[in-house]
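S.K.: To start, I am sharing the structure in question, which I have written as structure tokens.
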Amino acid sequence: MRRALALVASAGMLAACGSGSRDLALRQSTMSYRYEINADSLPPFANEPVKFTVTVLDRKTEQPIQNGEGQIYGQFAAGGRPYTWDSFVYGPEVGTYHANLRFALAGTYAMGLRFRRDSLAPLEKTDWQQQVFPERDVRPPL
């Protein structure tokens with residue numbers, strides 16, 4: 001009986017893991033919105049383009065926000081420079097926005113996101129820290 005119960009429990013935990021992929025989405029919220037922030041490379045590497053995908057939902061209704069406007073940006077925490085930022089482009093998926101960033105240096109970045117549903121709504125901001133790995137060695141071996 002114990003062995004069967006352990007087998008069922010382990011199968012349930014394995015099924016909860018899915019196909020082995022990890023959900024690395026960062027979830028943030030402001031007074032009016034909930035954000036799910038994904039990047040194609042987490043943590044990113046210095047001097048490589050990183051595509052961010054941000055899904056925005058209304059916090060009260062849980063409905064996706066369509067045709068909003070905003071930016072995602074980062075500032076190197078150690079010295080305050082360099083900066084990186086990009087405006088959101090509304091994607092083909094409902095409530096999803098895309099932006100591209102490139103981090104010049106490895107280290108910790110103070111990241112932020114500003115968003116509003118339309119030009120009459122106030123901008124709402126959320127922030128977090130992002131670690132950036134050192135640049136990958138792309139030279140061919142000798």
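S.K.: Select from the stretch 24-44 the residues that are of a type in the set (A, V, I, L, M, F, W, C) and either in a strand (DSSP E or B) or free of Cβ contacts under 8 Å to residues at least 24 places away in the same chain (or both) and list them in ascending order.
M.R.: 24, 25, 26, 37, 39, 42
S.K.: Report yes if residue 81 is buried (at least 16 other Cβ atoms within 10 Å of the Cβ) and over 15 Å from residue 41 (Cα atoms), otherwise no. Walk me through how you get there before you give the answer.
M.R.: On the way: buried (at least 16 other Cβ atoms within 10 Å of the Cβ): no; over 15 Å from residue 41 (Cα atoms): yes.
Here the answer is no, as residue 81 does not meet what is asked.
S.K.: Yes or no: the stretch 54-67 includes at least one residue that is at pLDDT 75 or above, closer than 20 Å to residue 133 by Cβ, surrounded by 11 or more Cβ atoms within 10 Å (Cβ to Cβ) and charged (D, E, K, R).
M.R.: Looking through the stretch 54-67, none of the residues is at pLDDT 75 or above, closer than 20 Å to residue 133 by Cβ, surrounded by 11 or more Cβ atoms within 10 Å (Cβ to Cβ) and charged (D, E, K, R).
The values are calculated or read from the model by the stated rules, or taken from the named source; none is laboratory data. Since we're looking at a predicted model, the values are computed, not measured. Backbone-built Cβ (ideal geometry, glycine too); neighbour counts: all protein chains shown.
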